[in-house]
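Read through the structure below, which is laid out as C-alpha coordinates, and then see the notes.
The values are calculated or read from the model by the stated rules, or taken from the named source; none is laboratory data. Quick caveat: nothing in here was measured; it's all calculated off a predicted structure. Cβ atoms come from the backbone with ideal geometry, glycine included; neighbour counts cover every protein chain shown.
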Amino acid sequence: MMKTKISIVALALFLLPIQVFAKETLEFSCDTAHNGKATVHSTPNKAHYIYRFYKNGKLKLTIKNSSQQIIKNSLENPFANRYNVHNMYFSNQNYGYNVYTEWYLNPKTEKIIYTGGIDITKKNNPNFSSFIQCTKIYRALSGETNIRQN
(Lines give C-alpha, C1' and ligand atoms only; values in the text may rest on other atoms or scores of the structure.)
Protein backbone atom coordinates (compact mmCIF):
# COMPACT_ATOMS: atom_id res chain seq x y z
CA MET A 1 0.00 0.00 0.00
CA MET A 2 2.84 2.40 0.87
CA LYS A 3 4.57 1.72 -2.48
CA THR A 4 1.34 2.48 -4.33
CA LYS A 5 0.99 5.85 -2.54
CA ILE A 6 4.61 6.73 -3.27
CA SER A 7 4.16 5.77 -6.93
CA ILE A 8 1.02 7.89 -7.25
CA VAL A 9 2.73 10.89 -5.61
CA ALA A 10 5.80 10.47 -7.83
CA LEU A 11 3.64 10.26 -10.96
CA ALA A 12 1.68 13.35 -9.91
CA LEU A 13 4.88 15.31 -9.33
CA PHE A 14 6.17 14.22 -12.73
CA LEU A 15 2.97 15.20 -14.56
CA LEU A 16 2.43 18.52 -12.74
CA PRO A 17 4.98 20.52 -14.81
CA ILE A 18 3.55 19.06 -18.03
CA GLN A 19 0.05 20.21 -17.04
CA VAL A 20 1.29 23.69 -16.11
CA PHE A 21 3.00 24.16 -19.48
CA ALA A 22 0.08 22.61 -21.35
CA LYS A 23 -2.19 25.42 -20.17
CA GLU A 24 -0.50 27.99 -22.41
CA THR A 25 0.50 27.87 -26.08
CA LEU A 26 3.42 29.90 -27.41
CA GLU A 27 2.18 32.25 -30.16
CA PHE A 28 5.16 34.62 -30.51
CA SER A 29 8.74 34.80 -29.28
CA CYS A 30 11.66 37.06 -30.08
CA ASP A 31 14.92 38.34 -28.67
CA THR A 32 15.47 42.08 -28.38
CA ALA A 33 18.56 44.19 -27.85
CA HIS A 34 20.27 44.28 -24.45
CA ASN A 35 19.31 40.73 -23.41
CA GLY A 36 15.55 41.24 -23.74
CA LYS A 37 12.93 38.72 -24.76
CA ALA A 38 9.27 39.17 -25.66
CA THR A 39 6.67 36.40 -25.77
CA VAL A 40 2.94 36.02 -26.36
CA HIS A 41 1.10 32.95 -25.10
CA SER A 42 -2.53 31.94 -25.43
CA THR A 43 -4.63 30.24 -22.77
CA PRO A 44 -6.80 27.20 -23.56
CA ASN A 45 -9.41 27.93 -26.23
CA LYS A 46 -7.58 31.25 -26.84
CA ALA A 47 -9.78 32.91 -24.22
CA HIS A 48 -6.89 35.19 -23.17
CA TYR A 49 -3.50 36.21 -24.52
CA ILE A 50 -0.52 36.98 -22.31
CA TYR A 51 2.34 39.32 -23.28
CA ARG A 52 5.54 38.95 -21.28
CA PHE A 53 8.76 40.92 -21.45
CA TYR A 54 11.99 39.66 -19.90
CA LYS A 55 15.26 41.50 -19.30
CA ASN A 56 18.42 39.52 -18.49
CA GLY A 57 16.24 36.44 -17.97
CA LYS A 58 14.01 38.13 -15.37
CA LEU A 59 10.31 38.75 -15.95
CA LYS A 60 9.72 42.53 -16.05
CA LEU A 61 6.18 42.88 -17.44
CA THR A 62 3.11 40.69 -17.85
CA ILE A 63 -0.12 41.79 -19.52
CA LYS A 64 -3.10 39.46 -19.83
CA ASN A 65 -5.99 40.60 -22.04
CA SER A 66 -9.12 38.76 -23.10
CA SER A 67 -9.50 37.76 -26.74
CA GLN A 68 -12.34 40.26 -27.08
CA GLN A 69 -10.14 43.11 -25.82
CA ILE A 70 -7.29 42.06 -28.15
CA ILE A 71 -9.70 41.99 -31.12
CA LYS A 72 -11.07 45.44 -30.32
CA ASN A 73 -7.64 46.99 -29.75
CA SER A 74 -5.95 45.28 -32.71
CA LEU A 75 -8.62 46.27 -35.22
CA GLU A 76 -8.30 49.91 -34.15
CA ASN A 77 -4.56 49.80 -34.82
CA PRO A 78 -3.14 51.05 -38.16
CA PHE A 79 -1.32 47.74 -38.68
CA ALA A 80 -4.65 45.88 -38.89
CA ASN A 81 -5.22 46.71 -42.55
CA ARG A 82 -1.82 45.71 -43.88
CA TYR A 83 -1.73 42.37 -45.69
CA ASN A 84 1.80 41.43 -44.60
CA VAL A 85 1.51 42.29 -40.90
CA HIS A 86 0.11 40.22 -38.06
CA ASN A 87 -0.39 42.15 -34.84
CA MET A 88 -1.81 41.90 -31.35
CA TYR A 89 -2.41 45.04 -29.30
CA PHE A 90 -2.23 44.70 -25.50
CA SER A 91 -3.58 47.35 -23.16
CA ASN A 92 -2.06 47.95 -19.74
CA GLN A 93 -3.25 50.91 -17.64
CA ASN A 94 -2.05 53.99 -19.55
CA TYR A 95 0.10 52.16 -22.11
CA GLY A 96 -0.51 50.15 -25.26
CA TYR A 97 1.83 47.44 -26.55
CA ASN A 98 1.42 46.51 -30.20
CA VAL A 99 3.27 43.24 -30.78
CA TYR A 100 3.68 42.60 -34.48
CA THR A 101 5.35 40.45 -37.10
CA GLU A 102 5.88 41.75 -40.62
CA TRP A 103 6.94 39.53 -43.45
CA TYR A 104 8.17 39.97 -46.99
CA LEU A 105 9.52 37.75 -49.74
CA ASN A 106 13.20 38.07 -50.54
CA PRO A 107 13.18 38.20 -54.37
CA LYS A 108 16.69 36.71 -54.68
CA THR A 109 16.24 33.72 -52.40
CA GLU A 110 12.43 33.46 -52.56
CA LYS A 111 12.43 32.94 -48.79
CA ILE A 112 10.11 34.71 -46.39
CA ILE A 113 11.89 37.18 -44.13
CA TYR A 114 10.31 38.11 -40.79
CA THR A 115 10.83 41.32 -38.88
CA GLY A 116 8.93 42.52 -35.87
CA GLY A 117 8.84 44.26 -32.60
CA ILE A 118 6.76 46.01 -30.02
CA ASP A 119 5.42 49.55 -30.48
CA ILE A 120 4.68 51.16 -27.11
CA THR A 121 2.32 54.13 -26.88
CA LYS A 122 0.96 56.16 -23.99
CA LYS A 123 -2.83 56.52 -24.14
CA ASN A 124 -3.04 60.07 -22.75
CA ASN A 125 0.01 61.36 -24.65
CA PRO A 126 -0.19 60.92 -28.44
CA ASN A 127 3.36 62.30 -28.77
CA PHE A 128 4.87 59.47 -26.71
CA SER A 129 6.11 56.48 -28.65
CA SER A 130 8.77 53.88 -28.00
CA PHE A 131 9.84 50.92 -30.09
CA ILE A 132 11.52 47.64 -29.21
CA GLN A 133 12.95 45.91 -32.29
CA CYS A 134 13.16 42.14 -32.40
CA THR A 135 16.71 41.07 -33.19
CA LYS A 136 15.78 37.42 -33.71
CA ILE A 137 12.30 35.96 -34.13
CA TYR A 138 11.84 32.37 -32.93
CA ARG A 139 8.09 32.18 -33.50
CA ALA A 140 6.30 34.78 -35.62
CA LEU A 141 2.66 35.70 -35.22
CA SER A 142 0.76 33.85 -37.92
CA GLY A 143 -2.48 34.33 -39.77
CA GLU A 144 -4.02 31.81 -37.38
CA THR A 145 -2.85 33.89 -34.41
CA ASN A 146 -3.67 37.23 -35.97
CA ILE A 147 -6.84 38.62 -34.48
CA ARG A 148 -9.28 39.60 -37.21
CA GLN A 149 -13.02 39.44 -37.54
CA ASN A 150 -14.44 38.65 -40.95
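Residues of the stretch 19-46 being outside any strand (DSSP E or B) and at pLDDT 95 or above, which ones?
GLU24, ASN35, THR43
Of the residues in the stretch 77-130, how many are at positive phi and among the aliphatic types (A, V, I, L, M)?
Count: 0.
Does the stretch 134-150 hold any residues that are of a type outside the set (Lys, Arg), at pLDDT 90 or above and either loosely packed, with under 12 Cβ neighbours inside 10 Å or within 21 Å of GLN69 (Cβ to Cβ) (or both), and which are they?
Residue satisfying the conditions is LEU141 alone.
Quick check on my filter: what residues within the stretch 34-63 are in contact with a helix residue (DSSP H, G or I) (Cβ under 9 Å, 6 or more places away or on another chain) and closer than 20 Å to GLN93 by Cβ?
Listed by number, the residues that qualify are HIS48, TYR49.
Only residues in the stretch 44-61 that are more than 15 Å from ILE118 (Cβ to Cβ) count as the first member; pair them with residues that are among the hydrophobic types (A, V, I, L, M, F, W, C), Cβ under 9 angstrom, at least 6 apart or cross-chain, and list the lot.
Correct list of pairs: PRO44/ALA22; HIS48/ILE70; LEU59/PHE53.
Would you confirm whether any residue within the stretch 89-112 is more than 22 Å from HIS41 (Cβ to Cβ) and β-branched (Val, Ile, Thr)?
yes
Could you list, in sequence order, the residues of the stretch 64-78 that are among the polar types (S, T, N, Q), over 10 Å from SER91 (Cβ atoms) and not in a helix (DSSP H, G or I)?
SER66, ASN77
Can you name the residue in the stretch 40-95 that is among the charged types (D, E, K, R) and surrounded by fewer than 14 Cβ atoms within 10 Å (Cβ to Cβ) and, of all such residues, is farthest from PHE128 (Cα to Cα)?
Selected residue: LYS58.
Return the pair list, or none, for Cβ contacts closer than 7 Å from residues in the stretch 122-148 that are under 15 Å from THR25 (Cα atoms) to residues that are at pLDDT below 95 and exposed (fewer than 12 other Cβ atoms within 10 Å of the Cβ), at least 6 apart or on different chains.
none
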